[in-house]
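Take a look at the structure below.
The values are calculated or read from the model by the stated rules, or taken from the named source; none is laboratory data. Note that the coordinates shown come from a computational prediction; the quantities given were computed from them, not determined experimentally. Note that each Cβ is placed from the backbone with ideal geometry, even for glycine, and that neighbours are counted across all protein chains shown.
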Amino acid sequence: MLIAFSAMKQYVSNCCFSVFLPAGLCLLAGGLFCRPVAAQFPADKGIRYFPVLIHYDAAKEKAGSVVNAVNNTDKNYLLQATVSAFDPASGRTDAAAGGRPPFVVVPPLTRLDAGERIALRVRQAGGTLPSDRESACIISVTGIPPLSQPAPDARLPQAGRSQVQIALRMNIRLFYRPPGLPAPDSAAVAASLKFQTQSHELTVVNPTPYFVHFSSLSVGGAQAVSGALDAWVAPKSNQRFRFSAPLSGAVLWKMNGEKNEYKATL
């Protein structure tokens, strides 16, 4: 949802926190799209990003898609944007991917002053992507604030007084739809899904050209284990979801952003 102080309670599951020390060490707490943590920030303070999920329609957005950043603080920030591969099994970046997705963010490095708003444009930069299905990547924007000056401690020499710099990274999922591929029909996509069970696992087979993400998923009333719904079902692929008990009964699910509940009988 990653600098989002004002919206931290809403988007904290999409945030990573980094602490930068003068010696160049970096302590990274949590992972991409980590689970919610207890954090409180003043209302309407921080840097907000929107949208936090991009549907990049190549046929309509030939100039690229825009991510807006609004600085609702009294500090100036340096924003650095990068592009990483997407891992459907975790919903996070794919650290094992050999190459970088063919997208760029313009500008890749820019200053965002206090009270200002800027637009970051995401564009396809060459490369070859499948023409018969969606592709995905993650846009990461790291906001680096000014170096904070700690209160003097007379007990320590000047060289022993640490200076700490805290940065937040926003991770935005981008789903690229190639020219010629129409926008998905949610009901048609849901009707196309196939389900297979084996002991504690449900395999979802997705023959469609679209990514599928569940906001809820149950079998015979049993819910998928914690964290299982972080996974996405890639186009023309399948994904396994773990449950805490052997599976039997009807499959009920809702897809991300949809109010309708769908049902399939195993």
Within the range 130-158, the count of residues that are among the aliphatic types (A, V, I, L, M) and modelled with pLDDT of 95 or more comes to 4
Among the residues that make up the range 29-48, is at least one of them modelled with pLDDT of 90 or more, assigned by TED's automatic domain parsing to the domain that holds PRO146 and not small (Gly, Ala, Ser)? yes
Flagged in the range 209-240 as part of a strand (DSSP E or B) and closer than 19 Å to ALA191 by Cα, in numbering order, are VAL212, PHE214, SER215, SER216, LEU217, SER218, VAL219, VAL233, SER237, ASN238, GLN239, ARG240
**Prompt:** If we scan the range 74-82, do we find a residue that is at pLDDT 95 or above, hydrophobic (A, V, I, L, M, F, W, C), assigned to a strand (DSSP E or B) and under 16 Å from PHE175 (Cα atoms)?
**Reply:** no
Across the range 166-185, the tally of residues that are over 23 Å from PRO101 (Cβ atoms) and modelled with pLDDT of 95 or more stands at 1
Requiring at least 1 residues that are under 30 Å from PRO209 (Cα atoms), the strands (runs of 3 or more DSSP E) wholly within the range 98-144 are 103-106, 117-124, 135-144
Restricting the range 41-73 to residues that are assigned to a loop (DSSP other than H, G, I, E, B) and among the β-branched types (Val, Ile, Thr), the one surrounded by the most Cβ atoms within 10 Å (Cβ to Cβ) turns out to be THR73
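Sort through ALA187, ALA191, ALA228 and tell me the only one that's surrounded by 13 or more Cβ atoms within 10 Å (Cβ to Cβ) and either in contact with a strand residue (DSSP E or B) (Cβ under 6 Å, 6 or more places away or on another chain) or over 15 Å from PRO130 (Cβ atoms) (or both).
Details: ALA187 fails: surrounded by 13 or more Cβ atoms within 10 Å (Cβ to Cβ); ALA191 fails: surrounded by 13 or more Cβ atoms within 10 Å (Cβ to Cβ).
Matching residue, one of ALA187, ALA191, ALA228: ALA228.
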Within the range 231-259, residues exposed (fewer than 13 other Cβ atoms within 10 Å of the Cβ) and within 18 Å of PHE175 (Cα to Cα) come out as GLY257
Just one listed residue, out of ALA190, ALA245, is farther than 30 Å from GLY126 by Cα and assigned to a helix (DSSP H, G or I), and it is ALA190
Flagged pairs (Cβ under 6 angstrom, 6 or more apart or on separate chains; first in the range 224-251, more than 27 Å from PRO209 (Cβ to Cβ); second exposed (fewer than 13 other Cβ atoms within 10 Å of the Cβ) and polar (S, T, N, Q)) are VAL225/SER244; PRO246/SER199
